[in-house]
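Encoded as structure tokens, the structure appears first; notes follow it.
The values are calculated or read from the model by the stated rules, or taken from the named source; none is laboratory data. Please read all numbers here as calculations on a predicted model, not as lab measurements. Counting neighbours? That spans all protein chains shown, and the Cβs are built from the backbone with ideal geometry, glycine included. In case anyone asks, the SASA skips ligands and DNA or RNA and just uses the protein heavy atoms, side chains included. Shrake-Rupley method; radii C 1.70, N 1.55, O 1.52, S 1.80 Å.
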Amino acid sequence: MAEQLGITEKKNENTGEWYQQVILKSGLADYSPVSGCMILRPKAYHIWEQIQKFFDAEIRKLGVQNCYFPLLIPESLLGKESEHVEGFKPEVAWVTHGGDSQLPERLAIRPTSETIMYDAYSRWIRSHNDLPLKLNQWCNVVRWEFKHPMPFLRTREFLWQEGHTAHATSDSAEQEVYQILDLYASVFEELLAVPVMKGIKSEKEKFAGAVFTTSVETLLPNGKAIQGATSHHLGQNFSKAFGIDFLDEKGEKQHPWQNSWGISTRSIGIMVMMHSDDKGLVLPPAVAPIEAVIVPIYKEDTRVAVLEGADEAKRLLKGRRVWIDNRDYTPGWKFHDAELQGIPLRIELGPKDLEKRSAVVVRRDTGTKEVVALADLTGRTTELLAAMQRDLLESQRKRIAEQTVDVASMDELKAAIDARKMARMPWCGTPASEEKIKDATGGAKSINRSRDIAPTEPCALTGERAQGIYSFAKSY
Ligand code: 87F
């Protein structure tokens, strides 16, 4: 039997299967011979490039410079700051041989670059004149996950940027943590149309090497939360472990204050999960490789005139990313394919439309159709793309608000989690309490706490002082 072209699973019935089909059939990505590794096809890579372009320009304004550190990290170096690496050890992939000969020391394939970068920082940083040092690299990392792989969301190799900065004062470092967090929120909200919650992680959920960890997080339609990016304040933890020090203005020896921060191709998976539907991919116009497809509708006798009309429409949309689908398929087939591929606007053009000097324009997200005069096509297309970008974000914001409840006890928290909602409550933030929540709810975790909202009530579970208003959900 021929494989079905369209999506055969429903998003809210079998999310996992539906997701895989959307990714594969829309042409975003494909599997590879190695389980957990995937091919980013041009459509996915285009989206990644938009993220890179935006974020790279913004961090440059903050004085960050790009660089590249080696892929292979000697075992002796990786284990140096043992506290943070210990929990991650099972996920490290190793190179043990060159040809047939065993290496004298195993080499880790970078899972993250703190160790190799801070080893270099210990040689490069001497005085306050060398600070701040702000480096970033765009690269791939490998983490040998054993959980079931999910394209973009859980893969053994992924692309990311990792920023690593060293500052002469803790204030300067802490300020940067939140500047970067704001940029991550902009990537999600302005490019991917994904609403996020910025906040600080609990003691249990923070990066073990950090003084505190901040994150942007969102709630997917299936009630699972997912972390989009993180920005850590490392304090002097690594500078002490790696012997990074500088002479301050008074000539006194000090350890610098450090940050590290990252966003990965996982962000693309989050965007797919959030907006796509039972017809296939839905792409926010800002990151879509094609913003509008023109589908010419003709019979033999109208072919030339309609194709000329399609060319004219394309000329009217000069400067936009427009594709005329003149492949040898029926219009109906092309409509479905454009939906599967997530092209934001479909412009249908037949002989009757041409007679009236108009076209039918259809939005991918809402399916709304309208007749647009060719004279208005340029302006209306701009409006519709902007409206779609805005509406995708707003409709998800509304959904998340509807899927979030305030709770005041463990029973209410449990009920919310069982109903696949995100729960919010004033909470003490202690690891012991977090452990109890996990047990009582069958695996829910704290997501983060906003730094802007101060709790007025004590912890809803322990009665102790609340550290903040935290969100809770099951998560990826
Ligand atoms: C896996 C193996 C070894 C995560 C790992 O979040 C080490 C690690 O340190 C590890 N998985 N981490 C934490 C990464 C922290 C930090 N690195 C820079 C980030 C953002 C970018």
>> With both bridge residues required to lie in the range 233-360, what share of the DSSP beta bridges run antiparallel, to the nearest 5%?
In response: 45
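Quick one: dipole size for the range 301-457, taken about the Cα centre, charges +1 on Lys/Arg Cβ and -1 on Asp/Glu Cβ, in debye to the nearest 20. Each step should come with its number before you reach the end.
Numbers: 29 positive and 27 negative charges, 65 e Å.
Charge dipole of the range 301-457: 320 debye, to the nearest 20.
What percent do you get for the relative contact order of the range 65-130 when only Cα pairs under 8 Å and 6+ apart count? Intermediate values should be presented prior to the final figure.
Numbers: 53 pairs, mean separation 25.8, N = 66.
Relative CO of the range 65-130 lands at 39 percent.
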> Using helices alone, what [θ] at 222 nm do you get for the chain, with -39,500 (n - 2.57) per DSSP H run of 4 or more residues, divided over all residues and rounded to the nearest 500?
Replying inline: -10000 deg cm²/dmol
> residue 59: accessible area at probe 1.4 Å, nearest 10 Å²?
Replying inline: 0
> Given charges of +1 on the Cβ of Lys and Arg and -1 on the Cβ of Asp and Glu, with all other atoms neutral, how large is the dipole of the range 232-361 about its Cα centre, in debye to the nearest 20?
Replying inline: 120
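Run the numbers on the range 176-281 and let me know its relative contact order in percent, using alpha-carbon pairs under 8 Å that are six or more apart. Write out the running numbers ahead of the final one.
Numbers: 172 pairs, mean separation 24.5, N = 106.
Relative contact order, the range 176-281: 23 percent.
Would you mind classifying the chain by shape? Square roots of the alpha carbon gyration tensor eigenvalues, ordered a ≥ b ≥ c; an a/c under 1.5 is rounded, otherwise it is prolate if a/b is larger than b/c and oblate if not.
Details: a/c = 1.96, a/b = 1.61, b/c = 1.22.
Judged from the Cα gyration tensor, the chain comes out prolate (a/c at least 1.5, a/b above b/c).
Of the DSSP beta bridges with both residues in the chain, give the percent that are antiparallel, rounding to the nearest 5.
On the way: 68 of 84 bridges.
In the chain, approximately 80 percent of DSSP beta bridges are antiparallel ones.
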> Do any chymotrypsin sites (Phe, Trp or Tyr not before Pro) in the range 106-199 lie in a loop, going by DSSP, with at most 10 other beta-carbon atoms within 10 Å of their beta carbon, and if so which?
Replying inline: 146
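For the chain, with all protein chains present and a 1.4 Å probe, just round the carbon and sulfur fraction of the accessible area to a whole percent.
Values: 11010 of 21830 Å².
Result for the chain: 50 percent of the exposed heavy-atom area is carbon or sulfur.
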> Tell me, what ³J(HN,Hα) does each residue in the range 421-428 have, in order and in whole Hz, if you take phi through Karplus 6.51 cos²θ - 1.76 cosθ + 1.60 with θ = phi - 60° and put x for Gly and Pro?
Replying inline: 10, 9, 10, 10, 7, x, 8, 6
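Which of the GluC sites (Glu not before Pro) found in the range 9-82 are in a DSSP loop and have at most 16 neighbouring Cβ atoms, other than their own, within 10 Å? Could the numbers behind the result be given before it?
Working: sites: 9, 13, 17, 49, 58, 75, 81; in loops: 9, 13, 81.
Passing both the DSSP loop test and the Cβ count: 9, 13.
On a 21 Å Cα-Cα criterion, which of the cross-link pairs 299/352; 201/224; 201/474; 206/398; 10/224; 436/474 come out too long? Display every interim value, and only then the final one.
Values: 299/352 12 Å; 201/224 17 Å; 201/474 15 Å; 206/398 28 Å; 10/224 17 Å; 436/474 14 Å.
Beyond 21 Å between Cα atoms: 206/398.
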> On full extension of the chain, what length is gained from residue 304 through residue 390, given 0.36 nm per residue of separation minus the C-alpha to C-alpha distance?
Replying inline: 27.2 nm
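Let me have the relative contact order for the range 22-128, percent, based on Cα pairs under 8 Å that are six or more residues apart. Walk me through the numbers on the way to the answer.
Numbers: 76 pairs, mean separation 21.2, N = 107.
Once divided by the residue count of the range 22-128, the mean separation gives 20 percent.
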> So how exposed is residue 86, as accessible area in Å² (1.4 Å probe, rounded to 10)?
Replying inline: 110
> What accessible area per residue, rounded to a whole number of Å², is obtained for the chain using a probe radius of 1.4 Å?
Replying inline: 46
>> Using the crude model of +1 on Lys and Arg Cβ and -1 on Asp and Glu Cβ, and no other charge, please compute the dipole size for the range 164-269 relative to its Cα centre, in debye to 20.
In response: 460
>> How far apart, in nanometres, would the label points at residue 171 and residue 352 be if each is projected 7 angstrom from Cα along the Cα-to-Cβ direction?
In response: 7.1
>> Need one word for the range 1-142: rounded, prolate or oblate. Basis is the Cα gyration tensor (sqrt eigenvalues a ≥ b ≥ c); a/c below 1.5 gives rounded, then a/b vs b/c decides.
In response: oblate
> Which distance in Å, rounded to a whole number, links the C-alpha centroids of the range 165-244 and the range 274-335?
Replying inline: 40
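What shape does the range 115-255 take by its C-alpha gyration tensor, where a ≥ b ≥ c are the square roots of the eigenvalues and a/c under 1.5 counts as rounded, a/b above b/c as prolate, and the rest as oblate?
Working: a/c = 2.30, a/b = 1.81, b/c = 1.28.
Prolate is the answer for the range 115-255, as a/c is 1.5 or above and a/b outweighs b/c.
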>> Taking the full set of protein chains and a 1.4 angstrom probe, give the accessible area of residue 127 in square angstrom, rounded to the nearest 10.
In response: 30
> Taking the Cα centre of the chain as the origin and placing charges on Cβ (Lys, Arg +1; Asp, Glu -1), which of 222, 400, 285 is farthest toward the positive end of the dipole?
Replying inline: 285
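Compute the orientation-averaged projected area for the range 221-288 from the convex hull of its Cα atoms and round it to one decimal in nm².
Values: hull surface 31.1 nm².
Computing the convex hull of the Cα atoms and averaging its projections yields 7.8 nm².
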> How would 424, 154, 357 rank on accessible area, largest to smallest, probe 1.4 Å?
Replying inline: 357, 424, 154
>> Please flag any cysteine in the chain that has no other cysteine's Cβ under 4.7 angstrom from its own Cβ.
In response: 37, 67, 139
> Counting Lys +1, Arg +1, Asp -1, Glu -1, what net charge surrounds residue 429 among other residues with beta carbon under 9 Å of its beta carbon?
Replying inline: 0
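Looking at the range 2-76, which chymotrypsin sites (Phe, Trp or Tyr not before Pro) are DSSP coil and have at most 11 other C-beta atoms within 10 Å of their C-beta? Walk me through the intermediate numbers first.
On the way: sites: 18, 19, 31, 45, 48, 54, 55, 68; in loops: 68.
Filter output for the range 2-76: 68.
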> Which one of 32, 166, 70 has its Cα pushed farthest toward the positive end of the charge dipole of the range 24-168, where Lys and Arg give +1 and Asp and Glu give -1 at the Cβ?
Replying inline: 32
> What are the ³J(HN,Hα) values, in whole Hz, obtained from phi via the Karplus relation 6.51 cos²θ - 1.76 cosθ + 1.60 with θ = phi - 60°, for each residue of the range 301-314 in sequence order, with x given for Gly and Pro?
Replying inline: 6, 10, 3, 4, 5, 5, 5, 5, x, 5, 4, 4, 4, 4
> Can you give me the Cα centroid spacing of the range 121-146 and the range 253-270 in angstrom?
Replying inline: 10
